[in-house]
Amino acid sequence: MSVVRLYDEASIFKKVAEGDEAAFRVLFDQYWDTVYGVALALTKSENMAEEMAQDVFVKLWLKREKLAGVENFEGYLFTIARNHIYNVFRKRIKTTAFTHHLLDYAEDTIVSSDAPDKHLLCHELEKQVAGAVEHLSQQQRTIYSLSRYHGMSQEEIAATLHISRHTVKSHMNKALHVIRDYLRHYSILEILLMCFFAQATFFAS
């Protein structure tokens, strides 16, 4: 949803470009919820979303001189936000937790899409993930399947397999590590990340 403007844009942009902190505060107050909301939707973390939103506005302030010539502020802010969040996510690809996050997205978002191109991408991702799963040990494969395909919690898996929750967590982390490395080899995580951002709506017209 577009932000309702309560000020004259050209005047505010000119003042911000000249270093007027009060004018910048107007933009901050007007757009904070939008930027924070997008970051929260993508990260599912209030702390990370707040940090990302703050970084976006810091970048906006550091580039304030450019505002005087900006005609589409929402588009300009979108570009800064998208690039920053994307770069943060690219770094997080190296972590097991974020691999889990992207796999969740692949299953919950792409799979539910009716768009033909999304189905093609999903099919390719499914093939690659299936290939990665084949490289897991039997125990890792069992735990991964119970978690991802049957929606079982670590406690439920532990009870089902008669092992400790710690063992379940350890095997799951190792499984995700193997899958992440396999997908990285085929650049699938990068493709998935780009698709992830293609689906994200920052500012609707």
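The single condition among (1) modelled with pLDDT of 90 or more; (2) out of contact with any Lys or Arg (no Cβ under 8 Å at 6 or more places or on another chain) that residue 113 does not satisfy is (1). For the stretch 19-36, residues that are touching a residue at least 12 places away in the same chain (Cβ under 8 Å) and surrounded by fewer than 15 Cβ atoms within 10 Å (Cβ to Cβ) total 1. A single member of 29, 55 is over 24 Å from residue 91 (Cα atoms) and in a helix (DSSP H, G or I), and it is 29.
Just checking, which of 183, 192, 161 is modelled with pLDDT under 90, more than 15 Å from residue 89 (Cα to Cα) and of a type in the set (A, V, I, L, M, F, W, C)?
Details: 192 fails: more than 15 Å from residue 89 (Cα to Cα); 161 fails: modelled with pLDDT under 90.
When all the criteria are applied, what remains is 183.
Yes or no, residue by residue, for (1) at pLDDT 95 or above; (2) more than 30 Å from residue 83 (Cα to Cα); (3) surrounded by 14 or more Cβ atoms within 10 Å (Cβ to Cβ):
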| residue | (1), (2), (3) |
| --- | --- |
| 133 | no, yes, yes |
| 142 | yes, yes, yes |
| 147 | no, yes, yes |
| 156 | yes, yes, yes |
| 167 | yes, yes, yes |
| 179 | no, no, yes |
| 203 | no, no, yes |
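Please specify each residue of the stretch 42-54 satisfying the condition of being under 12 Å from residue 81 (Cβ atoms) and surrounded by fewer than 18 Cβ atoms within 10 Å (Cβ to Cβ). The answer is 54, and nothing else. Please work out which residue is farthest from the chain's Cα centre (by Cα), limiting yourself to the stretch 55-75 and to residues that are modelled with pLDDT of 90 or more and surrounded by 17 or more Cβ atoms within 10 Å (Cβ to Cβ). Looking at the filtered set, the residue picked out is 64.
Assess whether residue 87 counts as being modelled with pLDDT under 90, surrounded by fewer than 19 Cβ atoms within 10 Å (Cβ to Cβ), outside the structural domain of residue 180 (by TED's automatic domain parsing) and under 30 Å from residue 183 (Cβ atoms). Yes; evaluated as a whole, the condition is true for this residue.
Can you say whether residue 78 is over 13 Å from the mean Cα position of the chain (by Cα) and either closer than 14 Å to residue 12 by Cβ or not in a helix (DSSP H, G or I) (or both), as far as the supplied structure shows? First the steps, then the outcome.
On the way: over 13 Å from the mean Cα position of the chain (by Cα): yes; either closer than 14 Å to residue 12 by Cβ or not in a helix (DSSP H, G or I) (or both): no.
So residue 78 fails the test.
With the requirement that a residue be of a type in the set (D, E, K, R) and either surrounded by fewer than 17 Cβ atoms within 10 Å (Cβ to Cβ) or not in a helix (DSSP H, G or I) (or both), what does the stretch 6-18 give you? Show your work before the answer.
Here is the first cut: in the stretch 6-18, the residues of a type in the set (D, E, K, R) are 8-9, 14-15, 18.
Passing the criteria: 8, 9, 14, 18.
Scanning the stretch 58-75 for residues that are assigned to a helix (DSSP H, G or I) and not hydrophobic (A, V, I, L, M, F, W, C) turns up 59, 64, 65, 66, 69, 74, 75.
The values are calculated or read from the model by the stated rules, or taken from the named source; none is laboratory data. What you are looking at is a predicted structure, and each value in this text was computed from that prediction instead of being measured. As a convention, Cβ positions derive from the backbone with ideal geometry for all residues, glycine included, and neighbour counts pool all protein chains shown.
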